[in-house]
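Peer 1: Handing you this structure, nothing more for now.
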Amino acid sequence: MCGIVAFWAAPDGRASRFSARLLRRATERLTHRGPDGGGHVGWCIDGTMRADADLTDQELSLGLGHRRLKILDLTAAGRQPMEGPGGCWVTFNGEIYNYRELRTELAARGYSFNTGTDTEVILAAYDAWGSECVRRFNGMWAFVLYDPTRRRLIASRDRLGVKPLYYAVTPRGTMFASEVAALLECPGVRPAIDMPRLVQYLVDRRIDDGAETIYRDIREVQGGHTLELDVDSGGMRIERYWDLPEEPDLELDDDAVLERYSELIEDAVRLRLHADVPVAITLSGGVDSSVLTLAASRVAGSTVQTFTSRFPGDPSIDESQYASYVAASRGADTHYVQPSTDGVVDDEIALTTHQALPFGSLSLYVHWAILAAIRGQGVPVVLSGQGGDEAFLGYDRYHTSALLHTLPNPVRATRGLWQSGRNSGRGVLALAAMSAYFTTPALQRALRRRRVNGVVRAPWLQQLPRPERDIFGDIRRQQRSELFFRCLPTLLRYDDRTAGALGMETRLPFLDYRLIEFAYRLPLRHKLRNGWSKYTSRRYLARHGLNGVAWRRRKFAFYAPQAEWTRRLIAARGRAVEDTAFSRVLFEPGVSLAGLSLPVAWDAYNCAHLAAVLGWESDACGDPVIAPAGAGYSPSVTARAVS
């Protein structure tokens, strides 16, 4: 986990230049992501290059900044930005897991290496293969590379967008950064909110589903894309370098599928266990984290470390018994943490500030508390089971698709409904109701809109676009939507900002692109069978004797006392955050956060607090009728310092 910043200044006059001071200030906003050091390099208007202490307040035509979390080659040789062949420079966040294999291949072509980093491999790979080098990478990354020979600035993001990369185009030039907060340091970039898009989130709960963000001036380089910027003309080109395979379903029997699954998941874990710092696995006792622990025990050259959260006194959410069973069976070095959530009122300020975008519930704070406890024990890198649900159909809504897949055969549909209801733990009636809900977009919109009627100003609701029909029955289209637009991008954002805020890195073996491509081409029966979701993952556990976890029916999620915590937060600062110009623009007159019921109370509070701490703006904020002056909110008074 690192933080990167880059900018290019438009060459059309002195007033348009960016400065070295801006580069340093924006990079410093990402110190939490890289607490182990930083670096800067800039090109002055006269073409001279300066770095670090020699960069003061010069006007720059191009700049690169970096904050480092030491994972590989802990010496000063791993500092960034880093120079490579041909005078190219890069600032890079992430990990190229197959860098050792690539380094061997490149060394055979005559390249020499002076560090033990994957950053140096990126530079050599670019020199050897150009911007197509990203097709050879197996990893998670966001980088900006300056090629002075081709006069190009190249920004790339990994296939599924695990690592973030935002950018803003202004009259002064273009700026890139790992987080929104760093871009808000850029002149001409304001925290102006696209109100219709924000209101659509409040109704439909979708926000990370495209290149646009709710910030009018800020966009994302999407996963699987590379952006090239011509530093002479300012011309920009964005191209997709990776997509899900279009080939037909694989024709493999059960044994062949399990063999290939085993090979892929174990190699994905093997690659992600490599680091020069301690690495552990977050073991919840669910299917996905148990798969990772099992795979790690089979490929690691030493004992696997696992961390499991405990919630004593509340067996309804404590699944540590399952985690203990898995850890004991694989001889893992087991650690238990009891996350403290007593500080939710104070810590929620940092959580909100680092996310910089709305988040769906306070279960994210439980994740924060767990990672903080792990970091406190000196472990900066963890493997997580994120992506297992999207790859192997772990969500309940996939049962709806499976049922539609059986139509028009009523016997198969009835049998499928009964099996799914039993083995998912949901019950037949709940799944039938869920199927009706997910296949009726008008019903979904009506129910969702009813939540915010009388809370969000009616004119905003009138601008809502027609609801899109959810994709059910076509498993491939649904899975593509989940991976690229709906669920996964939001979960990846949650995970990245939380880990980044704590100076940690999370690695996700289930999002190894080879495993994703394999899973995508598997026929439905290998992912969901007889009501069992993630069927092949369960078979992998059962194959190695972990039946007690393999065939669990009930699935836990990060639990949070949502109602209690929301009330505590609203009591602490609800009046202050609702009395801002932005809140008066968003909400109907007279709305009191304290008087709202869940879940809209949390959504309204979350957006109001984000607006307060980040200074959100709307075109209507200056209207004295819509947004009369109020007491406002001063986060500097109530917020603890955010590192």
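The values are calculated or read from the model by the stated rules, or taken from the named source; none is laboratory data. Being a predicted model, the structure only gives us computed values, none of them experimental. Every residue, glycine as well, gets a Cβ built from its backbone with ideal geometry; the counts of neighbours run over all protein chains shown. Areas reflect the complete protein model, heavy atoms only, side chains present, ligands, DNA and RNA absent. Shrake-Rupley method; radii C 1.70, N 1.55, O 1.52, S 1.80 Å.
Peer 1: Tell me which residues, restricted to the stretch 525-543, are surrounded by fewer than 17 Cβ atoms within 10 Å (Cβ to Cβ) and in contact (Cβ under 8 Å) with a residue 60 or more places away in the chain. Let's see the steps before the verdict.
Peer 2: Our first condition is that a residue be surrounded by fewer than 17 Cβ atoms within 10 Å (Cβ to Cβ); within the stretch 525-543, this holds for 525, 530, 542-543.
530, 543, listed by residue number.
Peer 1: When both residues are 6+ apart or on different chains and their Cβ atoms are under 6 Å apart, which pairs have a first residue that lies in the stretch 127-140 and is within 14 Å of residue 161 (Cα to Cα) and open to solvent by less than 30 Å² (accessible area, probe 1.4 Å), and a second that is part of a loop (DSSP other than H, G, I, E, B) and of a type in the set (D, E, K, R)?
Peer 2: That search, which allows pairs on different chains as well, returns 140/158; 140/163.
Peer 1: Still on this structure: Which one is nearest to the chain's Cα centre (by Cα), of the residues in the stretch 27-61 that are within 29 Å of residue 277 (Cβ to Cβ) and of a type in the set (Val, Ile, Thr)?
Peer 2: Once the filter is applied, the top-ranked residue is 31.
Peer 1: Of all residues in the stretch 193-243, how many are under 22 Å from residue 142 (Cβ atoms), open to solvent by 30 Å² or more (accessible area, probe 1.4 Å), out of contact with any helix residue (DSSP H, G or I) (no Cβ under 8 Å at 6 or more places or on another chain) and outside any loop (DSSP other than H, G, I, E, B)?
Peer 2: Of the residues in that region, 7 qualify.
Peer 1: Okay, next question. Quickly run through the stretch 69-89 and pick out the residues that are touching a Gly at 6+ places or on another chain (Cβ under 9 Å), outside any loop (DSSP other than H, G, I, E, B) and open to solvent by 20 Å² or more (accessible area, probe 1.4 Å).
Peer 2: Within the stretch 69-89, 76, 77 qualify.
Peer 1: If you don't mind, there's one more thing I want to ask. Suppose the filter is open to solvent by 60 Å² or more (accessible area, probe 1.4 Å), modelled with pLDDT under 95 and basic (Lys, Arg); does residue 310 pass it? Can you show your working first?
Peer 2: Numbers: open to solvent by 60 Å² or more (accessible area, probe 1.4 Å): yes; modelled with pLDDT under 95: yes; basic (Lys, Arg): yes.
Against the criterion (open to solvent by 60 Å² or more (accessible area, probe 1.4 Å), modelled with pLDDT under 95 and basic (Lys, Arg)), residue 310 qualifies.
Peer 1: Filter the stretch 323-348 down to the residues that are of a type in the set (A, V, I, L, M), closer than 23 Å to residue 381 by Cβ and either within 22 Å of the chain's Cα centre (by Cα) or modelled with pLDDT of 90 or more (or both) and list them by number.
Peer 2: Here is the first cut: in the stretch 323-348, the ones of a type in the set (A, V, I, L, M) are 323, 326-328, 332, 337, 344-345.
Of the ones still in play, those that are also closer than 23 Å to residue 381 by Cβ are 323, 326-327, 332, 337.
323, 326, 327, 332, listed by residue number.
Peer 1: Could you please find all residues in the stretch 457-503 being at pLDDT below 95, of a type in the set (Val, Ile, Thr) and either over 25 Å from the mean Cα position of the chain (by Cα) or part of a helix (DSSP H, G or I) (or both)?
Peer 2: Passing the criteria: only 475.
Peer 1: Test each condition in (1) touching a residue at least 60 places away in the same chain (Cβ under 8 Å); (2) under 29 Å from residue 160 (Cβ atoms) for residue 102 and report the one that comes out false.
Peer 2: So the condition that residue 102 fails would be (1).
Peer 1: When the residues of the stretch 298-307 are narrowed to those that are among the polar types (S, T, N, Q) and open to solvent by 40 Å² or more (accessible area, probe 1.4 Å), which ends up farthest from residue 374 (Cα to Cα)?
Peer 2: Our first condition is that a residue be among the polar types (S, T, N, Q); within the stretch 298-307, this holds for 302-303, 305-306.
If we keep only those that are open to solvent by 40 Å² or more (accessible area, probe 1.4 Å) as well, we get 302-303, 305.
Numbers: 302: 20, 303: 17, 305: 11 Å.
Out of the qualifying residues, it is 302.
Peer 1: Let me ask something else about it. I'd like to check which helices (runs of 4 or more DSSP H) are fully inside the stretch 349-456 and have at least 2 residues that are open to solvent by 40 Å² or more (accessible area, probe 1.4 Å) and at pLDDT below 85. Outline the logic, then answer.
Peer 2: Numbers: elements: 363-375, 388-392, 397-406, 410-423, 428-438, 441-452.
Helices (runs of 4 or more DSSP H) meeting the threshold: 397-406, 410-423, 428-438, 441-452.
Peer 1: Follow-up. Exactly one condition in (1) open to solvent by 10 Å² or more (accessible area, probe 1.4 Å); (2) closer than 30 Å to residue 73 by Cα is false for residue 45; which is it?
Peer 2: (2)
Peer 1: Looking at (1) modelled with pLDDT under 90; (2) open to solvent by 30 Å² or more (accessible area, probe 1.4 Å), which one does residue 320 not meet, given that it meets all the others?
Peer 2: (2)
Peer 1: Taking the stated definitions as given, is residue 4 assigned to a loop (DSSP other than H, G, I, E, B), hydrophobic (A, V, I, L, M, F, W, C), at pLDDT 95 or above and crowded, with 21+ Cβ neighbours inside 10 Å? Don't jump to the end; show me each part of the working.
Peer 2: Numbers: assigned to a loop (DSSP other than H, G, I, E, B): no; hydrophobic (A, V, I, L, M, F, W, C): yes; at pLDDT 95 or above: yes; crowded, with 21+ Cβ neighbours inside 10 Å: yes.
The answer is no for residue 4.
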